[in-house]
1. Tell me, in nm to one decimal, what length is gained between Ile172 and Arg219 on full extension, where the rule is 0.36 nm per residue of separation less the Cα-Cα distance?
2. For helix 205-214, report the angle its Cα long axis makes with the longest principal axis of the Cα atoms of the chain; keep it between 0 and 90° and round to the nearest 10°.
3. Using the Karplus equation 6.51 cos²θ - 1.76 cosθ + 1.60 (θ = phi - 60°), what ³J(HN,Hα) coupling, rounded to whole Hz, does each residue of the stretch 142-159 give in order, writing x for Gly and Pro?
4. Suppose every K and R has +1 on its Cβ and every D and E has -1 on its Cβ; what is the size of the dipole of the chain about the Cα centre, in Debye to the nearest 20?
5. Give me the Å³ per residue figure for the convex hull around the C-alpha atoms of the stretch 1-60.
6. Using only Cα atoms, what is the ratio of the radius of gyration of the stretch 57-204 to 2.2 N^0.38 Å?
7. May I ask which residue of Asn91, Thr127, Phe241 lies farthest towards the positive end of the charge dipole of the chain, with charges of +1 (Lys, Arg) and -1 (Asp, Glu) on Cβ and the Cα centre as origin?
8. Using Cα springs under 10 Å in a Gaussian network model of the chain, which residue among Met104, Met113, Met131 shows the largest mean-square fluctuation?
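Derivation of every value follows stated rules applied to the coordinates shown; laboratory data play no part. This is a predicted model, so every value here is computed, not measured. Every residue, glycine as well, gets a Cβ built from its backbone with ideal geometry; the counts of neighbours run over all protein chains shown.
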Amino acid sequence: MSTTQGGTRAAIVTGAARGIGAGVAKRLAQEGFDVAVFDLDEAQTKDTVAAVEAAGRRGLGVGVDVSDPDAVEQSVAKVAEQLGPPLVLVNNAGITRDNLLFKMSLEDWDRVMAVHLRGAFLMSKATQKYMVEAKWGRIVNLSSTSALGNRGQANYSAAKAGLQGFTRTLAIELGPFGITVNAIAPGFIATAMTEATAERLGITFEQMKQAASQNIPVRRVGEPEDVAQAVAFFVDERSGFVNGQILYVSGGPNV
Ligand code: NAP
């Protein structure tokens, strides 16, 4: 599934040092892709790269801020050189800078937009040329249930809703080249990001997960592997007719 005439296909996962991105990188390696692990600090990518290699694939850790155009260009070129043309891109890098509107700083608004929207734009632009040339590609963007509205997350919610429009538009533009573009909108996934929210609320992570589970129809919170499962579906060769979709991975229809 993940091989071409030229050999194993290469994938890039951004923000893959930990959390959902790390889970996705490992799963893509299990699915047969070589995986470039992008994150802010190259040293932090070591564990994910090791997991990719343990699955029998080549891993490459790259320190890059996805909102920096020059760094993105150089990093994507490095992947092409060392792993081959990147034909799968998972735009996963993300941050939260939560606050109620009246307390939200312009800096926190701008930074959230920069990582999620500018980052996904720059990464998609830099990789699409390889996909167009190969007449095959897969882009998966990480949206969120917060796109539907979430108190204290005006910046994050706007960025995640923005990614849904970005996804649909790229699906239309790139579809003719054999490239599908889809988004996953997770609900509560247990990672450092949600753990930080518990800390901010002054409760333990266990308490937070317990409370959240009560409102989720399947009565548990999600794990990175739940998101990785959806990514594996979208990037599969056989999913080529699924394009421009937003898949909520949240244990229920609207949580
Ligand atoms: P996480 O544990 O905080 O991991 C995010 C990773 O992205 C971190 O390693 C972080 O690096 C990296 N990163 C941040 N800014 C970056 C940048 N400018 N360039 C490159 N890498 C950057 O978060 P997560 O929970 O796995 O979330 C992954 C994605 O899923 C995000 O887009 C998030 O919005 C989305 N999501 C998460 C949930 C959830 O419940 N966890 C729900 C819905 C959607 P540092 O550690 O150095 O900051």
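1. 13.3 nm
2. 90
3. Values per residue, Gly and Pro as x: 8, 8, 6, 4, 4, 4, 7, x, 7, 3, x, 10, 4, 5, 5, 4, 5, 5 Hz.
4. That gives a dipole near 600 debye.
5. Looking at the stretch 1-60, the number lands at 62 Å³ per residue.
6. 1.12
7. Phe241
8. Per the Cα network of the chain with a 10 Å cutoff, Met104 tops the list.
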